[in-house]
1. Please find the FRET efficiency linking SER47 to ARG22, where r is the Cβ-Cβ separation and R0 is fixed at 35 Å, and quote it to the nearest 0.05.
2. Cα-Cα over 25 Å: which of LYS83/LYS172; LYS60/LYS172; LYS40/LYS84; LYS83/LYS163?
3. Multiplying the sequence separation of GLU39 and GLU126 by 0.36 nm and subtracting their Cα-Cα distance, what value in nm do you get?
4. Assuming R0 = 30 Å, can you tell me the calculated FRET efficiency for the pair ASP56 and ILE116, based on Cβ-Cβ distance, to the nearest 0.05?
5. With a cap of 11 neighbouring Cβ atoms within 10 Å, and only residues DSSP puts in a loop, list the GluC sites (Glu not before Pro) found in the range 32-100.
6. Between LYS172 and PHE90, what FRET efficiency comes out of the Förster formula 1/(1 + (r/R0)^6) with R0 = 35 Å and r the beta carbon distance, rounded to 0.05?
7. Filter the chymotrypsin sites (Phe, Trp or Tyr not before Pro) in the range 76-185 down to the DSSP loop ones having no more than 15 other Cβ atoms within 10 Å, then list what survives.
8. Charges on Cβ only, +1 for Lys and Arg, -1 for Asp and Glu, centred on the Cα centroid of the chain; of ILE116, ILE157, SER58, which one is farthest towards the dipole's positive end?
Amino acid sequence: MLVKYNEADIENISHSVTLVPRLEYSSNLLSEIIDVFSEKLYDLRKSNCDFVLFFDESDKNHYNAIELERNFAFSLEVLTTIKKRITSIFGIRSIPEVLPSLIPMIRTISAQFFSIVPICSQRLSELSVHLGSIVLDSASLTKARFDFSQSNHESSIFLDEVKLMVDSKISKQYPNVDFSKLYDT
């Protein structure tokens with residue numbers, strides 16, 4: 001079970017048991033999305049493997065294919081981290097600490113893939129709604145307060161760190177590609 005209760009939570013147990021199935025549903029939904037992204041990334045890497053040796057700088061499609069791979073790699077890394085954070089929830093009081101910064105990350109990825117993988121974008125939107133309702137319900141049970149500006153800031157910092165990491169991996173994977181052109185396209 002994702003949420004474990006301690007004695008301080010006993011008074012809220014009747015209210016908080018409704019959070020557990022929603023957290024489990026959210027975790028399962030996220031796992032399904034991660035599986036789709038993993039498969040798509042695998043397929044992209046397989047189709048892009050020739051670019052390691054035979055990259056045509058004049059072909060915009062080559063740049064677009066690598067950019068798509070980079071976006072999938074970035075998103076998969078973020079979603080995997082989100083999954084780890086969701087499964088790290090150990091009690092109702094940890095929900096307001098863990099979840100608020102995850103929601104903007106999910107929305108960012110959903111927006112990036114709206115036209116590329118619409119079903120995943122839709123599922124990510126659904127996931128953000130579920131997690132948002134869990135955050136609000138847990139906050140009302142624990143009397144927690146939020147600083148949405150801080151949550152957005154934490155999300156932004158994390159996304160920037162993952163972007164740098166993924167850009168570094170992609171640069172090493174495709175040493176013959178001039179990535180300054182990739183970012184200009």
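1. On the way: r = 38 Å, r/R0 = 1.08.
Between SER47 and ARG22 the formula returns 0.40.
2. Values: LYS83/LYS172 27 Å; LYS60/LYS172 20 Å; LYS40/LYS84 21 Å; LYS83/LYS163 18 Å.
Flagged as over cut-off: LYS83/LYS172.
3. Details: separation 87, 0.36 × 87 = 31.32 nm, distance 2.09 nm.
The span from GLU39 to GLU126 would gain 29.2 nm if fully extended.
4. Result of the calculation: an efficiency of 0.85.
5. Details: sites: GLU32, GLU39, GLU57, GLU67, GLU69, GLU77, GLU97; in loops: GLU57.
Qualifying residues, ordered by number: GLU57.
6. FRET efficiency, PHE90 to LYS172: 0.45.
7. Working: sites: PHE90, PHE113, PHE114, PHE146, PHE148, PHE158, PHE179, TYR183; in loops: PHE90, PHE113, PHE114, PHE146.
Sites meeting the loop and neighbour criteria: PHE90, PHE114, PHE146.
8. ILE157
The values are calculated or read from the model by the stated rules, or taken from the named source; none is laboratory data. Here the structure is a predicted model, which means the values were calculated and not measured. Methodologically, a virtual Cβ is constructed for each residue, glycine included, from the backbone with ideal geometry; neighbour enumeration extends over all protein chains shown. Note: accessible area is taken over every heavy atom of the protein model, side chains too, but ligands, DNA and RNA are not part of it. Shrake-Rupley method; radii C 1.70, N 1.55, O 1.52, S 1.80 Å.
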